[in-house]
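What follows is one structure encoded as structure tokens, with my remarks underneath.
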Amino acid sequence: MNKPNILVICSDEHHPHLTSYGGHPYVKTPNLDRLAGRGTNFGRAYCNSPVCTPSRMSFITGKYVNQIDNWFIGIPLDRKEITWPKRLQQAGIPSTMLGKMDFCGEYQDGGFGDYKIIEKRGAYETYPRRSPLLSRLSGYVRADKREHIMHSGIRKDVVTDGRNGHDDELGFYDHDRIVTEWACDYIRDKSDKKAEGPWALYVGLLYPHWPYTVPKKYFDMYYSDKIEFPYDFKVPFHPALHPEVANFQRAQNLTNLTDEDIKRTLAAYYGMVSCMDERIGRILLELEQGGLMENTCVIYTSDHGESLGEHGLFYKQCSYEGSVGVPLVMAGPGIPKGIVIKEPVSLVDMYPTIMDIAGLETEKDRPGISWRKIARGEVPAPDIVFSEYHGNFFRKDWYMLCDSEYKYTFYVGDRPTLFYVRQDPMEMNDLALDPAYQSVLAKYEAYLRNIVDPEAVSMRSKADLGLISPEGEDYTVNLSVQEVEAGYKTGRFEFEPEVPTPLV
């Protein structure tokens, strides 16, 4: 048998526990269930930075965000970075990207031999930025975050070209419809050319990313009294949140939400998950009908999660489980069937996994471990997984470490958090202020500093995002959004958009 083909399907913003194979009582994911049944389910998988571009640039290079300086959306990947599609291409294995990967700026292929993207994200026109990224300053509020929840529900019944999916009436339904057709066409073509050798395909879907809108068929699957209300839901002010996470909640502007708003949003999100699962089913069916399933390694994951009301939060960006966790299943030749890996892994492992499948060596500067080797018992899971965040809503960078017992988050210039996730998986009891756990905190901080210099990386990221003055002043400490906006008028700061304009 030839070397296996490789199919990676990546959704966007999929809460790690919202699958029926993972035990959710209401969410239906029959196609992912079948994939998990014929492969391995990694029950505790994490992204390495919970926002689109950094997470994806991390898993395509196999490096942590601080190794590639890809701090936030709008930052282009350095062309010199080696990616797994680039390695495959060099080895004679053609690689194709269809849909969202979230490269920013003119460099859109990332090493793939061929690609099709509906809407290409732009890069900051001046980078490093000259003026401060407002969303990391005191006083920042993003009003549209509440509006997405207020406008959640049934999608407007029209057909579009898949662009402008952030519109609350439309969402990303058409984007995924089109990308699924592309993927099916690709596989159909490959099924006619089986003798040509292995190939690699990356499919980037956008569901269940906000806006929380979905066709009526899927909304009606869940809009009932059976909605599972998010635990620990308190807005607008949650008394138990870390100060930086409380600032994040305030910036989301989640005021005056009713139970009906939450119920409607949950029904729409659950519906998006099931709609996405249906798309994946179509792609997998094409593999089966083309006789390619038995010799194709299939990986399904998401770039990050979605808090979906847990701890009074929505969206991603924080280190709570719903945000930083991701679903991860893998099936195909040489992958054990029907097993669950309970030890933590992370998306940085995707690079060595794909190298392993392709029979290639992984460079020594990549920190990950092959999921296939872990599933087969050839190597142990990593001792600890690492995630970091340098983007919007947080004034202070954070770094997370997680193992089979604890989740530790270090906030630069502030206190950490510590959860004993083995017995407290919902992260309800922060142990960081308990004197009995000071030695545990010290152990994890020491481990963190063996991975990264958190203060130095924080300063480097802030400098690139315009948050350090020419004199070395840290704007996140003592500058407000209102002061910057006033500075636009006086000429102290040059206006630069928060989000780059998409490329045509």
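The values are calculated or read from the model by the stated rules, or taken from the named source; none is laboratory data. Remember, it's a predicted structure, so these values are computed and weren't measured experimentally. Positions of Cβ are generated from backbone atoms using ideal geometry, with glycine treated the same way; all protein chains shown enter the neighbour counts.
Observations, loosely collected:
- Looking only at segment 332-359, and only at residues there that are of a type in the set (G, A, S) and more than 21 Å from the chain's Cα centre (by Cα), the one that is nearest to V245 (Cα to Cα): G338
- Scope segment 173-183; condition in contact with an Asp or Glu (Cβ under 8 Å, 6 or more places away or on another chain) and crowded, with 19+ Cβ neighbours inside 10 Å; matching residues: D174, H175, A183
- Filtered residue count, segment 452-484, keeping only those that are over 17 Å from Y140 (Cβ atoms), hydroxyl-bearing (S, T, Y) and either surrounded by fewer than 17 Cβ atoms within 10 Å (Cβ to Cβ) or more than 24 Å from the chain's Cα centre (by Cα) (or both): 1
- Flag if K145 is out of contact with any strand residue (DSSP E or B) (no Cβ under 8 Å at 6 or more places or on another chain) and among the basic types (K, R): yes
- Residue that is surrounded by the fewest Cβ atoms within 10 Å (Cβ to Cβ), among those in segment 128-172 that are closer than 21 Å to G391 by Cβ and touching a Pro at 6+ places or on another chain (Cβ under 7 Å): H166
- Y127 vs. criteria farther than 24 Å from H175 by Cβ and modelled with pLDDT under 95: yes
- Counted residues, segment 403-437 - those being more than 29 Å from D474 (Cα to Cα) and not basic (K, R): 19
- Taken over segment 144-172, the residue count meeting the criterion of being in contact with an Asp or Glu (Cβ under 8 Å, 6 or more places away or on another chain) and among the aliphatic types (A, V, I, L, M) is 3.
- Residue list for segment 106-127, filter: crowded, with 16+ Cβ neighbours inside 10 Å and farther than 18 Å from W71 by Cβ: Q108, D109, G111, F112, G113, Y115, I117, I118, E119, K120
- Any chance A436 is part of a loop (DSSP other than H, G, I, E, B), modelled with pLDDT of 95 or more, of a type in the set (A, V, I, L, M, F, W, C) and within 30 Å of F233 (Cβ to Cβ): no
- Pairs with Cβ under 7 Å, 6+ apart, first in segment 99-120 and on the phi > 0 side of the Ramachandran plot, second among the polar types (S, T, N, Q): D102/T53; G110/T83; G111/T83; G111/Q89
- Segment 84-105 - residue that is surrounded by fewer than 24 Cβ atoms within 10 Å (Cβ to Cβ) and among the polar types (S, T, N, Q) and, of those, nearest to H175 (Cα to Cα): T96
- Whichever residue in segment 401-451 is of a type in the set (S, T, N, Q) and within 19 Å of S49 (Cα to Cα) and, among such residues, is surrounded by the fewest Cβ atoms within 10 Å (Cβ to Cβ): N450
- Within segment 455-483, being touching a helix residue (DSSP H, G or I) at 6+ places or on another chain (Cβ under 6 Å) and touching a residue at least 12 places away in the same chain (Cβ under 8 Å) holds for V457, L467, T476, V481.
- Restricted to segment 283-382, the set of strands (runs of 3 or more DSSP E) holding at least 2 residues that are within 21 Å of P54 (Cβ to Cβ) comprises 296-302.
- Test: N41 is of a type outside the set (A, V, I, L, M, F, W, C), crowded, with 24+ Cβ neighbours inside 10 Å and part of a strand (DSSP E or B): yes
- When residues of segment 193-234 are limited to those that are of a type in the set (A, V, I, L, M) and surrounded by 20 or more Cβ atoms within 10 Å (Cβ to Cβ), the one farthest from H17 (Cα to Cα): A200
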